[in-house]
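Student: The structure that follows is given in the form of structure tokens.
The values are calculated or read from the model by the stated rules, or taken from the named source; none is laboratory data. In this text, all values refer to a predicted model and were calculated from it rather than measured experimentally. Cβ coordinates were reconstructed from backbone atoms using ideal geometry, including for glycine residues, and neighbour counts include every protein chain displayed.
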Amino acid sequence: MINVAWPSAVSPQAEIWRILDLSGLTSSVRESKNYLKAGFVYVNGQRIFTMKETVAIGSSFRLELRFPNGEVQHKDIFLSRKVNYKPRSNQPTTENRTASNGTRRSK
């Protein structure tokens, strides 16, 4: 099972066509959209036809590409949020800064 990190922190749902690209089943977003429109995409055995189909973040599922020649590519996926471990500091890096005329000033 692979862990796919969803980059958006806004929505509790993720679009399937974007997950295809993030998981590595397809090589581009355009290819993902074309496979979805052609009806090659299955999630947990159910065929997906529309671009608006979503999956809940924090769930695990099986994503498949079933081609007309009988070839099947699949991945078991756990969808999670992208985690930012270290927030950016808004404090100055040096305690004493120089003024525009070159003299030191204190806080």
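Student: Hey, can you tell me all the residues within region 59-74 that are part of a strand (DSSP E or B), without any contact (Cβ under 8 Å) to a residue 40 or more places away in the chain and hydrophobic (A, V, I, L, M, F, W, C)?
Tutor: Passing the criteria: Phe61, Val72.
Student: Another question about this same structure. Could you run through region 1-31 and say how many residues are closer than 30 Å to Tyr85 by Cα and not in a loop (DSSP other than H, G, I, E, B)?
Tutor: Going through region 1-31 one residue at a time, the tally reaches 17.
Student: While we're looking at this one, here's another question. If you check Lys37 against the conditions, is it assigned to a loop (DSSP other than H, G, I, E, B) and modelled with pLDDT of 90 or more?
Tutor: Criteria not met by Lys37.
Student: One residue is enough: does region 77-84 have a residue meeting the conditions in a loop (DSSP other than H, G, I, E, B) and either of a type in the set (Lys, Arg) or over 17 Å from the mean Cα position of the chain (by Cα) (or both)? Show your work before the answer.
Tutor: Quick first cut of region 77-84, residues in a loop (DSSP other than H, G, I, E, B) only: 82-84.
Filter again for either of a type in the set (Lys, Arg) or over 17 Å from the mean Cα position of the chain (by Cα) (or both), leaving 82.
Yes, because at least one residue in region 77-84 is in a loop (DSSP other than H, G, I, E, B) and either of a type in the set (Lys, Arg) or over 17 Å from the mean Cα position of the chain (by Cα) (or both).
Student: Looking at this structure, is Ser8 over 15 Å from Asp76 (Cα atoms) and either aliphatic (A, V, I, L, M) or touching a Leu at 6+ places or on another chain (Cβ under 6 Å) (or both)? Working first, answer last.
Tutor: On the way: over 15 Å from Asp76 (Cα atoms): yes; either aliphatic (A, V, I, L, M) or touching a Leu at 6+ places or on another chain (Cβ under 6 Å) (or both): no.
So Ser8 fails the test.
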